[in-house]
Amino acid sequence: MLSRILADSAVVFVLGAGSYIFGALDLKGAISAAVLGLLVLELGGIYPFLALLTFVIMGVLATKYRFREKVRRGLAQANNGVRSWGNVMGNGLATLLFLLWEHHTHMDAFWAATFAAIATVNGDTLASELGKVFGRRPRMITSLQPAEPGTNGAVSIAGEVFAFLGCFVIALFALPLTGHKLQMLLAVLIGGFIGVNLDSLIGATLENRGITDNNSTNFLASLFGGLIGAGIFYTLGG
């Protein structure tokens, strides 16, 4: 067991160092990501870890895509797209909580919650970063009134498509962990997609009023997305 933990620690250290060297995370963010990754790997094993790693890679690529254009239009992530520990925890804390519940109960519904939470943050990142580039005529999710690209709560058809694809990719990692594969696929996909749109709804209401910030909005959306995913899995007889 000790040798496995040491090996896992080495893996997450290398990945954390890489995220810092390549400018995806600052030092505090890289350390937080390494700790979170190690906990996910120890509690949930390789599949949720790979799902989170996929989220990180897709998120970095989406953030860097046409970054100069985003800067010119005032749509780029702050700090040149380099994220810190708050972003790591906002995107990963709900996943860790669901893994703790799964580890204690051994219920497949919490696998659905875990991956739906990851699907939420992955879909949201792709929708946000790529929707800014490809989205046409975004509208506020609360009123459907036209909005400027990058506005909290603004959605577009392109953004919704990217959100769906981001959720679908993450759902695939959950399938080896259950015999109820169709139920799991639907639970993670639907739960994650609803979670993405809840993120927009929270952004349009609470975040625009200063009640939440981007990190707490991400946490709430992934928490609700995960709970919805678990509920769908249970309802479908998983």
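What the table below lists for this structure:
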| item | result |
| --- | --- |
| Residue match in the stretch 9-22 (condition: within 18 Å of Thr114 (Cβ to Cβ), touching a residue at least 12 places away in the same chain (Cβ under 8 Å) and touching a Leu at 6+ places or on another chain (Cβ under 7 Å)) | yes |
| All positions within the stretch 141-153 that are within 14 Å of Val196 (Cα to Cα) and in contact with a strand residue (DSSP E or B) (Cβ under 6 Å, 6 or more places away or on another chain) | Ile141, Gly153 |
| Whichever residue in the stretch 195-210 is more than 18 Å from the chain's Cα centre (by Cα) and among the hydrophobic types (A, V, I, L, M, F, W, C) and, among such residues, is surrounded by the fewest Cβ atoms within 10 Å (Cβ to Cβ) | Leu206 |
| The listed residue being under 30 Å from Ser3 (Cβ atoms) and buried (at least 17 other Cβ atoms within 10 Å of the Cβ), out of Leu130, Leu97 | Leu97 |
| Helices (runs of 4 or more DSSP H) within the stretch 9-76 that include 2 or more residues under 15 Å from the mean Cα position of the chain (by Cα) and surrounded by fewer than 21 Cβ atoms within 10 Å (Cβ to Cβ) | 46-64 |
| Residues satisfying the stated conditions in the stretch 146-185, i.e. touching a Lys or Arg at 6+ places or on another chain (Cβ under 9 Å) and polar (S, T, N, Q) | Ser156 |
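Read-outs: derived from the displayed coordinates by stated rules, not from any lab. This structure is a prediction, so every number in the text was calculated from the model and none was measured. Neighbour counts run over all protein chains shown; Cβ positions are idealised from the backbone, glycine included.
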